[in-house]
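Below is one structure, written out as structure tokens, with a few remarks after it.
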Amino acid sequence: MRAAVLIRTAGPGVTVQDAGRFGYARFGVTPAGPMDLAAFRTATCAVGANAAIEISLGGLTLESVNAPLAIAIAGGGFDLRLDGHRLPPACRLSLPPGAALTIRAGEWGAWAYLAIGGRFDLPPTLGALATHARSGLGPKPLAAGDRLTIIDPAPAPGAADALQASWLTQDAAPIRVMPGPQDDYFSPEALARFFETPWRLGARSDRMAYALEGPPIAQARGRDIVSDGAAMGAIQIPGSGAPFVLMADRQPTGGYPKIATVIGADLGRLAQKRPGDIISFQRVTLEEAVAARRALFSALTVGPQQMALHRDMTTEALLAGNLVGGVISATDEPSR
Amino acid sequence: MRYDPPRFLDQGETALSVEFGDTVDPEINARVLALDAALRHDPPAGVCETTPSYRALLVQYEPLEIDRATLVRDITMRLTHDDAATPTERRCWTIPCCYDPALAEDIVEAAQTLGQTVESLARLHAGGDYRAYMYGFAPGWCYLGGLPTALAMPRRLTPRGVTPTGAVLIGGGLSLIGANPMPTGWYVIGRTPEKLFSSRRQPNFLIAPGDRIRFEAIDTTRFAALETRAAQGETLARCESA
């Protein structure tokens, strides 16, 4: 059985992503994949999908073409509307044919994931569906008029649920990093300044790298390193002294010294920052980084808390009724 | 400088950079590739992906499956200290390359900067014996050592436009084959009709790090003929054991 969604509008940078294109970094191929892995996994696991639409601040409106679809959305604090009715920023619901689901930038956050139960009818490239727009690998960024066919669509849920989890909430805590691998290219003073500075996320930040604005961090050795492999979260300091954090669409190798690396548990939190947001870094040990990873992955395995949007609420009732307040509060209690 | 034993540097909690030195050097690179081959042949549980570069191997791992101390031990066990005894499967590729300015967009500019003629630059480049050190930057962008020193020149301060498919480039004392079009600070001094990367062919990538590369100069007529054959799926580069 097949179903399809029609993209009505898509801002720049809305792409299909699976977990990433692994195993080809040795040939210069960027893994790509989601910017916020925890939000991606929340959405995909909620409906049994292996890929999702990653929505940028540019936003997305889509509709189901011919059948109700199981949909889950998770990410930053985006503004979600189903035919104008407001939904919580993370939820699972049935999308009936013809209804418009609109996801726009909301109060906070930079990325949201929309997963559809089933599989996208898209050919994998080098074994993956992840889009790397810069090198042209994977599906093209989505645009108005695109149709995505869904193979083996999952049955649509009867009731709508809000999804609540600690990793789906705004969090101003510092971003934790481990120093290195080339922290010895910097003087103790430069390292201290890196950790003391409240950095501003620059406008030239995208899926490739997040640019940080603040006082320049001087290299002690005054030269670049011989290029080596670079992981997501590596913070490079080029000759200009302005740090940038390598993100999902990074080049697989880099030639600037890496002063520190963002730990896995905080990559998604960093990804959800917007240009203009202030970011500070906190130094942690390997043991602390692994403990934070274990805690996040354990919580992800349990999954988000599922709260019925309203008792006996179905998407049809949502669309027919005037229940906007109850939807926002995401509780069983009627609210104003 | 060569590090023996190699340095183990953390890149976050999921990656370990195993550094064998701090220079572009065939012996250092050979040790990187030997460890890479050993880890691919017999990967420790929890190792996700290895990425060889000039002088380091990036080992990405899942720390919830293997702890760092165990990983360092498993890597150390796989280090071959007698490099001469390491059987590296080096192949030698002969790759057709057209140096005609009609296709080699920057060869006139590069020749002027180097104080060469277009002909002498092409002859020097085609006469080189190259080592494929690593891929980086973009899919199928393969960095080559062994550029004749007369052709060493700094990279551009600001990038040139998008390269043609199959660009052969020089910059910073190295040569480079750029499979897919990308903007770059290097100089396009030739073009190969060979597809060094194709997602529709097996293998997807022809050259492996460590392979030897030689270029065979061809004219524009031959380029056009070979490009047609490559489009039909034929592999043009000749490969033999090095």
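The values are calculated or read from the model by the stated rules, or taken from the named source; none is laboratory data. The shown structure was predicted, so the numbers you read here are calculated from the model rather than taken from an experiment. When we count neighbours, we look across all protein chains shown, and the Cβ atoms used for this are built from the backbone with ideal geometry, even at glycine.
A few notes on this one:
- Inside region A:12-57, residues that are farther than 15 Å from A:His132 by Cβ and touching a strand residue (DSSP E or B) at 6+ places or on another chain (Cβ under 7 Å) make up a count of 14.
- Count - residues of region A:1-23 that are surrounded by 24 or more Cβ atoms within 10 Å (Cβ to Cβ) and within 14 Å of chain B (Cβ to nearest Cβ): 1
- Answer from A:Glu54, A:Glu107 - the residue that is in contact with an Asp or Glu (Cβ under 9 Å, 6 or more places away or on another chain), under 21 Å from A:Met247 (Cβ atoms), away from every other protein chain (no Cβ under 14 Å) and at pLDDT 95 or above: A:Glu54
- All of B:Leu176, B:Leu144 fail the test of being away from chain A (no Cβ under 12 Å), assigned to a strand (DSSP E or B), buried (at least 22 other Cβ atoms within 10 Å of the Cβ) and under 12 Å from the mean Cα position of the chain (by Cα), apart from B:Leu144.
- Qualifying residue in region B:94-104 (condition: of a type in the set (Ser, Thr, Tyr) and out of contact with any strand residue (DSSP E or B) (no Cβ under 7 Å at 6 or more places or on another chain)): no
- Residue list for region A:45-78, restricted to those being of a type outside the set (A, V, I, L, M, F, W, C) and assigned to a loop (DSSP other than H, G, I, E, B): A:Gly48, A:Asn50, A:Ser56, A:Gly58, A:Gly59, A:Asn66, A:Pro68, A:Gly76, A:Gly77
- Selected residue (criterion: nearest to A:Ile263 (Cα to Cα)) from residues of region A:150-193 that are touching a Phe, Trp or Tyr at 6+ places or on another chain (Cβ under 7 Å) and more than 14 Å from chain B (Cβ to nearest Cβ): A:Pro174
- For B:Phe8, the requirement of being in contact with a Pro (Cβ under 7 Å, 6 or more places away or on another chain), among the aromatic types (Phe, Trp, Tyr) and within 13 Å of another protein chain (Cβ to nearest Cβ) is not met.
- A:Arg81 vs. criteria assigned to a strand (DSSP E or B), out of contact with any Gly (no Cβ under 6 Å at 6 or more places or on another chain), closer than 20 Å to A:Ala143 by Cα and of a type in the set (Lys, Arg): yes
- Among the residues of region B:124-139, at least one is under 24 Å from B:Pro26 (Cα atoms), in the same structural domain as B:Ala230 (by TED's automatic domain parsing), of a type in the set (D, E, K, R) and at pLDDT 95 or above.
- Near pairs, Cβ below 9 angstrom, 6+ apart or cross-chain, from region A:149-169 (farther than 14 Å from A:Leu300 by Cβ) to any residue that is among the acidic types (Asp, Glu) and at pLDDT 95 or above: A:Thr149/A:Asp121; A:Ile150/A:Asp121; A:Ile151/A:Asp121
- Candidates A:Asp228, A:Asp249, A:Asp266, filtered to the one that is within 22 Å of B:Met134 (Cβ to Cβ) and at pLDDT 95 or above: A:Asp249
- Scanning region A:87-102 turns up no residue that is surrounded by fewer than 21 Cβ atoms within 10 Å (Cβ to Cβ) and of a type in the set (Lys, Arg).
- Residue among A:Ala211, A:Ala242, A:Ala248, A:Ala231 that alone is at the interface with chain B (Cβ under 10 Å from one of its Cβ atoms), under 26 Å from the mean Cα position of the chain (by Cα) and either surrounded by fewer than 22 Cβ atoms within 10 Å (Cβ to Cβ) or not in a helix (DSSP H, G or I) (or both): A:Ala231
- Any chance B:Phe8 is crowded, with 20+ Cβ neighbours inside 10 Å and farther than 30 Å from B:Glu194 by Cα: no
- Residue within region B:79-86 that is crowded, with 20+ Cβ neighbours inside 10 Å and touching a residue at least 60 places away in the same chain (Cβ under 8 Å) present: no
- Residues of region B:94-141 satisfying the condition of being within 14 Å of chain A (Cβ to nearest Cβ) and either without any contact (Cβ under 8 Å) to a residue 40 or more places away in the chain or out of contact with any helix residue (DSSP H, G or I) (no Cβ under 7 Å at 6 or more places or on another chain) (or both): B:Ala132, B:Met134, B:Gly136, B:Phe137, B:Ala138, B:Trp141
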